[in-house]
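The next block holds one structure in the form of structure tokens; read it before the comments.
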Amino acid sequence: MIYDEKPKDFANYIEVVGCLVECGNEFLLLHRHDKKIHGNKWGQPAGKVDKKDKDLKNAMLRELREETGIVAKEKDLIFHKTFFVSHPDRNFLYHYFKLNLKEKFDIVIKNDEHKAFVWVTLEEALKMPLILDEDHCLKYITIHRSDLCL
């Protein structure tokens, strides 16, 4: 279950970063390999924050580079919100960013994690088999677009 506000007695286990990579009215989704966590589901570039990351933006820039080949500048990455995610086996903080692209880049996926990528609209994405709670994040950022300083 995903929460916009911190639930009572929430203790985080790990921290995760994720990013809506948008170009025009489409955004990037990655297709997870079957045997990975959230296997055969679609999701945005995301991953765990490492101890070597100096901050959350650094972690997100690293994940973007590793998972898509996108080399973004820190100033172009916009922090949006931290969600509180509670699963039966663990809780985690999901720090959510947005990156606006002027043009679509050649995406280079990491073959050991993903098997495909696609650019889709929100309506198309909501019809796809998404990672648990991904639909909530996509809807939230779409509704709160005006809150972002773009």
Considering each of Phe79, Phe27 in turn, give the residue that is in a strand (DSSP E or B), crowded, with 17+ Cβ neighbours inside 10 Å and either in contact with a strand residue (DSSP E or B) (Cβ under 9 Å, 6 or more places away or on another chain) or of a type in the set (S, T, N, Q) (or both). Phe27
Here is a check on your reading of the model: is Thr121 of a type in the set (Val, Ile, Thr), more than 12 Å from the chain's Cα centre (by Cα) and at pLDDT below 90? no
Touching a residue at least 24 places away in the same chain (Cβ under 8 Å) and more than 17 Å from the chain's Cα centre (by Cα): which single residue out of Asp89, Asp112, Asp133 fits that description? Asp112
Residues satisfying the stated conditions in region 124-150, i.e. in a loop (DSSP other than H, G, I, E, B) and either at pLDDT 85 or above or out of contact with any helix residue (DSSP H, G or I) (no Cβ under 9 Å at 6 or more places or on another chain) (or both): Leu126, Lys127, Met128, Pro129, Ile131, Leu132, Asp133, His144, Cys149, Leu150
(1) of a type in the set (A, V, I, L, M, F, W, C); (2) under 22 Å from Ile37 (Cα atoms); (3) surrounded by fewer than 16 Cβ atoms within 10 Å (Cβ to Cβ): which one isn't true of Phe105, the others all being true? (2)
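The values are calculated or read from the model by the stated rules, or taken from the named source; none is laboratory data. Please read these numbers as outputs of a predicted model, since none were measured by experiment. Heads up, the Cβs are rebuilt from the backbone with ideal geometry, glycines too, and the neighbour counts pull from every protein chain shown.
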